[in-house]
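S.K.: Take this structure first; my questions come after.
The values are calculated or read from the model by the stated rules, or taken from the named source; none is laboratory data. What you see is a predicted model; the values in this text were computed from it and never measured. Glycine gets a Cβ as well: all are built from the backbone with ideal geometry, and neighbour counts include every protein chain shown. Heads up: the accessible areas ignore ligands, DNA and RNA and are worked out on the full protein's heavy atoms, side chains in. Shrake-Rupley method; radii C 1.70, N 1.55, O 1.52, S 1.80 Å.
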Amino acid sequence: MQGSKKKRIGILTGGGDCPGLNATIRAIAKTAILNYDMEVIGIKDGFLGLIENRFLNVSYGDVSGILTLGGTFLGASNKANPYRHPDFKGRFKDVSGTAVENYCAMELAGLVCIGGDGTLNIAYKLSKRGVKLVGVPKTIDCDLRQTDATIGFDSALVTATQAIDKLHTTAQSHHRVMVIEVMGRYAGWLALYSGLAGGGDIILLPEIPYDIKKVCEVVLKRNQRGKRFSIVVVSEGARPKAGKMVVKKIVKDSTDPVRLGGIGDKIADGIEKITRLETRVTVLGHLQRGGEPTPFDRILATRFGVAGCEMVAKGDFGKVVTLKAGNIRAVDLAKVVGDIRRVRLKDPVIKAAMAVGTSFGV
Ligand code: F6P
């Protein structure tokens, strides 16, 4: 990529998609073009594009009008990992050398990696190999350490809350128990927040193993009080006391091969068996990752994207853009990766939910 004297910034979106990715790309690209006279290179399909050397020049026109669009026009992959890439026979190989070579050939001033824990873990390893990069946190799971917010969470929260609202009316009409399974992987943020916002009677989280008998007690007590329906919001990673999470499938070539799913059915079966009340299950699935970003996510994406671009311009690499108490801070990648942010029992949101009588199945 020779010929141009302008500085060049690279962008990739790794991991699962979510609303707000396009808004983030737009913010990085517009800041780079308008404030730093940089060229913008969009790497296609996350780290897969870096491995396969697939990228495109992103113009101002390309990012104009995409603030409200869900998904990512660059494409994403939550399987691509330069440290574990399948060859044509399906054997995994470390092709990080190729990814670094391709990065060098792009002659970037810096690369902005927009992603969740999988993407940022890979980014951390690459940064230790000399790749000049900055992380921008996105995930509907909101499980990244050191940041109060991640792009996509608020939009998924709105989708899940609206679904719970809709299920409320049909639960009431039919006097049924409605179990709603939401995403979030190993952290219960999405279930906790949507459960509270949607007025869930019982919220089950990975962090608080439940007792099905306690869940049924709550449902039966409500019935005795004349509330002939109940709403149970369950995180896909929830598990019974002394039990395991329900794994739906293993995606071998993924950064995190475990795909959760099915706990909603297990809980519904248990409730129906013990209470003899008619119970239905709704699994929200990938609906939670779709649609347009909320105003909160558009603003967060813009602030994170602008900050990410400014860090590249200043040469502040190996860090992640985070939000703490409303302020943007750059935090070392090492402090963000390695573990996830889980719901703590003393979280004020848990306390508030308990105060209004919400059960956590214990
Ligand atoms: O990390 C985001 C997320 O949507 C999780 O909440 C969910 O467990 C997982 O990704 C689903 O992954 P996939 O898109 O591979 O089914």
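S.K.: From the list Ala313, Ala330, exactly one residue is surrounded by fewer than 21 Cβ atoms within 10 Å (Cβ to Cβ), assigned by TED's automatic domain parsing to the domain that holds Phe92, small (Gly, Ala, Ser) and not in a helix (DSSP H, G or I). Which is it?
M.R.: Ala330
Let's see how each residue does on (1) in contact (Cβ under 8 Å) with a residue 12 or more places away in the chain; (2) under 30 Å from Leu157 (Cα atoms); (3) open to solvent by 50 Å² or more (accessible area, probe 1.4 Å); (4) within 16 Å of the ligand (Cβ to nearest atom):
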| position | (1), (2), (3), (4) |
| --- | --- |
| Gly14 | yes, yes, no, yes |
| Ile25 | yes, yes, no, no |
| Ile28 | yes, yes, no, no |
| Leu50 | yes, no, no, no |
| Arg54 | no, no, yes, no |
| Asp62 | yes, yes, yes, no |
| Phe92 | yes, no, yes, no |
| Val95 | yes, no, no, no |
| Tyr103 | yes, no, no, no |
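S.K.: Of the residues Ile350, Ile340, which is surrounded by 14 or more Cβ atoms within 10 Å (Cβ to Cβ), of a type in the set (A, V, I, L, M), part of a loop (DSSP other than H, G, I, E, B) and modelled with pLDDT of 95 or more?
M.R.: After ruling out the rest, the residue left standing is Ile340.
S.K.: Can you pull out the residues in the stretch 227-271 that are without any contact (Cβ under 8 Å) to a residue 60 or more places away in the chain, β-branched (Val, Ile, Thr) and within 16 Å of Gly16 (Cβ to Cβ)?
M.R.: The answer is Val258, and nothing else.
S.K.: For the stretch 218-225, indicate whether the set of residues that are touching a strand residue (DSSP E or B) at 6+ places or on another chain (Cβ under 7 Å) and within 16 Å of the ligand (Cβ to nearest atom) is non-empty.
M.R.: Scanning the stretch 218-225, I find no residue that is touching a strand residue (DSSP E or B) at 6+ places or on another chain (Cβ under 7 Å) and within 16 Å of the ligand (Cβ to nearest atom), so the answer is no.
S.K.: Taking only the stretch 42-78 into account, find how many residues are among the small types (Gly, Ala, Ser), part of a helix (DSSP H, G or I) and more than 25 Å from Arg129 (Cα to Cα).
M.R.: Result for the stretch 42-78: 1.
S.K.: While we're here: Could you identify the single residue in Leu133, Leu111, Leu120 that is buried (at least 24 other Cβ atoms within 10 Å of the Cβ) and within 16 Å of the ligand (Cβ to nearest atom)?
M.R.: The unique qualifying residue is Leu120.
S.K.: Do you know which residues across the stretch 287-302 are more than 16 Å from the ligand (Cβ to nearest atom) and surrounded by fewer than 19 Cβ atoms within 10 Å (Cβ to Cβ)?
M.R.: Listed by number, the residues that qualify are Glu292, Pro295, Phe296, Ile299.
S.K.: Looking at the stretch 79-89, is at least one residue assigned to a loop (DSSP other than H, G, I, E, B) and hydrophobic (A, V, I, L, M, F, W, C)?
M.R.: The answer is yes; a qualifying residue exists.
S.K.: Do we find a residue being in contact with a Leu (Cβ under 6 Å, 6 or more places away or on another chain) and either within 30 Å of Gly318 (Cα to Cα) or without any contact (Cβ under 8 Å) to a residue 12 or more places away in the chain (or both) anywhere in the stretch 185-195?
M.R.: yes
S.K.: Restricting attention to the stretch 266-286, report how many residues are open to solvent by 20 Å² or more (accessible area, probe 1.4 Å) and either of a type in the set (Ser, Thr, Tyr) or away from the ligand (no atom under 16 Å from the Cβ) (or both).
M.R.: The qualifying residues number 11.
S.K.: What residue, among those in the stretch 229-247 that are away from the ligand (no atom under 16 Å from the Cβ) and small (Gly, Ala, Ser), is most open to solvent (accessible area, probe 1.4 Å)?
M.R.: Of everything passing the filter in the stretch 229-247, Ala242 is most open to solvent (accessible area, probe 1.4 Å).
S.K.: Regarding Ser194, is this residue buried (at least 22 other Cβ atoms within 10 Å of the Cβ), modelled with pLDDT of 95 or more, within 13 Å of the ligand (Cβ to nearest atom) and in the same structural domain as Thr169 (by TED's automatic domain parsing)?
M.R.: It is true that Ser194 is buried (at least 22 other Cβ atoms within 10 Å of the Cβ), modelled with pLDDT of 95 or more, within 13 Å of the ligand (Cβ to nearest atom) and in the same structural domain as Thr169 (by TED's automatic domain parsing).
S.K.: Return a yes/no flag: does the stretch 139-162 have any residue that is within 13 Å of the ligand (Cβ to nearest atom), open to solvent by less than 10 Å² (accessible area, probe 1.4 Å) and more than 12 Å from the chain's Cα centre (by Cα).
M.R.: Checking the stretch 139-162: at least one residue is within 13 Å of the ligand (Cβ to nearest atom), open to solvent by less than 10 Å² (accessible area, probe 1.4 Å) and more than 12 Å from the chain's Cα centre (by Cα).
S.K.: Can I ask one more? Output the helices (runs of 4 or more DSSP H) that fall wholly within the stretch 97-205 and possess 3 or more residues being over 30 Å from Thr31 (Cα atoms) and among the aliphatic types (A, V, I, L, M), or say none.
M.R.: 153-174, 189-197
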